[in-house]
């Protein structure tokens, strides 16, 4: 089963980073290739079971369901309801941890899934690039002074 794991340091306190990303529909605010990410039926974007309709800038549409969210542990996990990518048993987790030295954050984005072997390398490479671009863009959302208390 392939695994994608990307991590980065964000120059802002974990509470601020989590506040920006915790809403399941907020991904369009910080992921550069996402055009929109509303919750179906206008539901609560922090309720486990809500479905996000993620439309990429290239027109691809994913429906993703929130399967776990913890404010105490600052993470959420989701799976695909429908996807233009032929993956099975998919689960992705986005997590924010505090770095106490400098009041920064460690953000990790990981995914596990099954895919036909002939597509595995290409998809893993694409997801690694996309996740890293997202984390870099997330860091850019905070100004140089964001790490100051």
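The values are calculated or read from the model by the stated rules, or taken from the named source; none is laboratory data. All of these numbers come straight from a predicted model, not from anything done at the bench. Positions of Cβ are backbone-derived with ideal geometry, glycine not excepted, and every protein chain shown enters the neighbour counts.
Looking at segment 1-23, which of the residues that are over 16 Å from residue 137 (Cβ atoms) and outside any helix (DSSP H, G or I) is modelled with the lowest pLDDT? Steps first, please.
Narrowing segment 1-23 to residues over 16 Å from residue 137 (Cβ atoms): 1-5, 13-15, 18-19, 22-23.
Imposing the further condition that a residue be outside any helix (DSSP H, G or I) reduces the set to 1-5, 13, 22-23.
Numbers: 1: 86, 2: 92, 3: 94, 4: 96, 5: 98, 13: 96, 22: 97, 23: 97.
It comes out as 1.
Would you mind stating whether residue 77 is touching a helix residue (DSSP H, G or I) at 6+ places or on another chain (Cβ under 7 Å), surrounded by 16 or more Cβ atoms within 10 Å (Cβ to Cβ) and free of Cβ contacts under 8 Å to residues at least 40 places away in the same chain?
Details: touching a helix residue (DSSP H, G or I) at 6+ places or on another chain (Cβ under 7 Å): no; surrounded by 16 or more Cβ atoms within 10 Å (Cβ to Cβ): yes; free of Cβ contacts under 8 Å to residues at least 40 places away in the same chain: yes.
Spelling it out, it is not the case that residue 77 is touching a helix residue (DSSP H, G or I) at 6+ places or on another chain (Cβ under 7 Å), surrounded by 16 or more Cβ atoms within 10 Å (Cβ to Cβ) and free of Cβ contacts under 8 Å to residues at least 40 places away in the same chain.
Tally the residues that are out of contact with any strand residue (DSSP E or B) (no Cβ under 9 Å at 6 or more places or on another chain), in a loop (DSSP other than H, G, I, E, B) and either closer than 17 Å to residue 79 by Cα or modelled with pLDDT of 95 or more (or both), restricting the search to segment 24-46.
Result for segment 24-46: 1.
Mind counting the residues in segment 90-113 that are at pLDDT below 95 and exposed (fewer than 15 other Cβ atoms within 10 Å of the Cβ)?
Going through segment 90-113 one residue at a time, the tally reaches 3.
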